[in-house]
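The values are calculated or read from the model by the stated rules, or taken from the named source; none is laboratory data. Predicted model, so just to flag it, every value in this text is computed and none were measured. Methodologically, a virtual Cβ is constructed for each residue, glycine included, from the backbone with ideal geometry; neighbour enumeration extends over all protein chains shown.
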Amino acid sequence: MSNVLSFNDSNFNEEVLNSDKPVLVDFWAEWCGPCHMIAPTVEEIANEFSGKIKVGKLNVDDSPMVAAQFGIRSIPTLIVFNNGQEVIRLIGVRPKGEIVTHLQNVLKEKRITAQ
C-alpha cells in the first residue's frame, strides 16, 4: 500500500499547511518525464518516513492555484513544509540521499524546538 498522499487545491491547506508533521510535497505533471523518474524515490521516502513526515504529490495541471501560490515554474519541484512554512525547495530530479538528508535535518530541528 502506498504511503504517498494526493494533495490538490481543495485539501492543501488542511493536509499540508495545517499539518502537525512536516510535509514533503512533490509538485508534478503527467506529461513530465523527470517527474516520473523521481516518483519511485518519493514512494521509497514515504515508506521510510511513514509516521514522521507526510509525503504527497500535487499535480500542477489539476491544482493550478496551489502551484501559482508557491511560484512553481519547473517540475519536479519538491517542497518541505514545517509548521505551515516552506523550509526546503528542491528543483529537478535529486538523489534520494540528498532528499533524505534534508528531511532528517527538518526532523532534528523539530525535536530541538519542541524541547
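Scan region 9-19 and give yes if some residue there is surrounded by 15 or more Cβ atoms within 10 Å (Cβ to Cβ) and either small (G, A, S) or closer than 14 Å to L90 by Cβ (or both), otherwise no.
yes
Between a first residue in region 10-37 that is closer than 14 Å to S74 by Cβ and in contact (Cβ under 8 Å) with a residue 12 or more places away in the chain and a second residue that is among the aromatic types (F, W, Y) and outside any strand (DSSP E or B), which pairs have beta carbons less than 9 Å apart while being 6 or more apart in sequence or on different chains?
Matching pairs, first to second residue: F27/F70.
Residue-by-condition table, conditions (1) modelled with pLDDT of 95 or more; (2) surrounded by 15 or more Cβ atoms within 10 Å (Cβ to Cβ); (3) under 16 Å from S6 (Cβ atoms):
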| residue | (1), (2), (3) |
| --- | --- |
| M37 | yes, no, no |
| V42 | yes, yes, yes |
| K52 | yes, no, no |
| N82 | yes, yes, no |
| Q85 | yes, no, no |
| G92 | yes, no, no |
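Considering only region 51-85, state which residues are of a type in the set (S, T, Y) and under 13 Å from the mean Cα position of the chain (by Cα).
Scanning region 51-85 gives a single hit, T77.
Could you list, ordered by first residue, the pairs with Cβ atoms under 7 Å in which the first is in region 39-59 and under 19 Å from N13 (Cα atoms) and the second is at pLDDT below 95 and part of a loop (DSSP other than H, G, I, E, B), at least 6 apart or interchain?
What qualifies is V55/N3.
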